Structures are given as structure tokens and as C-alpha cells.
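Heads up: the structure comes next, in C-alpha cells.
The values are calculated or read from the model by the stated rules, or taken from the named source; none is laboratory data. Note that the structure is predicted; figures quoted are calculated from it, not measured. Neighbour counts are summed over all protein chains in view; Cβ atoms, including those assigned to glycine, are modelled from backbone coordinates with ideal geometry. Side chains are part of the model used for accessible areas, which takes the heavy atoms of the whole protein and leaves out ligands, DNA and RNA. Shrake-Rupley method; radii C 1.70, N 1.55, O 1.52, S 1.80 Å.
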Amino acid sequence: TCEGSELALGFAINGSIDEVLAKGNLQQGDALILTKPLGTGVVFAGDMRALADASDVAEALQGMCRSNAHAAATLRRFGCLACTDVTGFGLIGHLAELCRGSNGARVRIDLNDVPMLQGARRLASMGVVSSLHP
């Protein structure tokens, strides 16, 4: 997702896949599995405002560089029925997409259980939000 008043660079990567994990098909009792901590948008917004520490940015970049291959293989092995990424629209935006694609399914999350980058947690407590935040 590339939107905002700041200059940005985006990439599109093409490839082929053998299997698609759709954004629908949520079932009652499903568990939400996050494969990486959230908060890169907050960290980079904080960096643009010179509020993020170098360690905050390093932590975000390290997670972004980590491959999703192991997580994807695990999801397939255990029969995952619904899947999405969590990018510019954040956790709530992508959960809403999953729910709409699953005949209006509802989800319940405990924010204390959501893994977040330490820098993102600190920056959010200072009022920093992702540049895509409305």
C-alpha cells in the first residue's frame, strides 16, 4: 500500500504459486496467527519525525527481511483456510477484509496478546501513528 503526502517508492513482484490461501473461509473457533510482530508503519512514521531510535528501525528492518517461507509452509501443513497479509491497512483493516470475505464473520482479539515491535509500542504511546492512519 503506497499512499501519503511523502515521497515513496513501491515495488511489485511477479511470480507463480501452486496454492492460494484466500481471504475468506473463516470458521468459528479459528485462531489468529501473526507470523511477525506488528508496528513497522509506526516505527517508520516515527523515524520520519526523528523520534525513532536506530534500534527501533533496525528491529523493524530485521523483521521485514525475514522470509515468510517457514510460516507459509506451517500454515499449509496445518490446513489454514483463511489468510491475509498485515500491511498498510493494519491489523484491523485486514481483519475486516477477512470478515467480509467470510460472510460477515466476527473476530475477537485481545490487544495484550498482539505481538508488537518494542519501538512501535513506545512510539505509539507518544502518539505516533502510521502514515496511512486516517
Quiz item: Can you tell me which residue in the range 73-93 is farthest from VAL114 (Cα to Cα), limited to those that are among the small types (Gly, Ala, Ser) and either within 8 Å of the chain's Cα centre (by Cα) or at pLDDT below 85 (or both)?
Solution: GLY88
Practice problem: Go through (1) out of contact with any strand residue (DSSP E or B) (no Cβ under 8 Å at 6 or more places or on another chain); (2) within 21 Å of GLN28 (Cβ to Cβ) one by one and return the number of the condition THR74 breaks. | Solution: (2)
Practice problem: Return a yes/no flag: does the range 124-132 have any residue that is open to solvent by less than 40 Å² (accessible area, probe 1.4 Å), within 27 Å of SER5 (Cβ to Cβ) and not aromatic (Phe, Trp, Tyr). | Solution: yes
Exercise. Could you tell me whether any residue of the range 104-115 is touching a helix residue (DSSP H, G or I) at 6+ places or on another chain (Cβ under 6 Å), in contact (Cβ under 8 Å) with a residue 60 or more places away in the chain and open to solvent by less than 50 Å² (accessible area, probe 1.4 Å)?
Key: yes
Quiz item: Across the range 21-37, what is the total count of residues that are aliphatic (A, V, I, L, M) and in contact with a Pro (Cβ under 7 Å, 6 or more places away or on another chain)?
Solution: 1
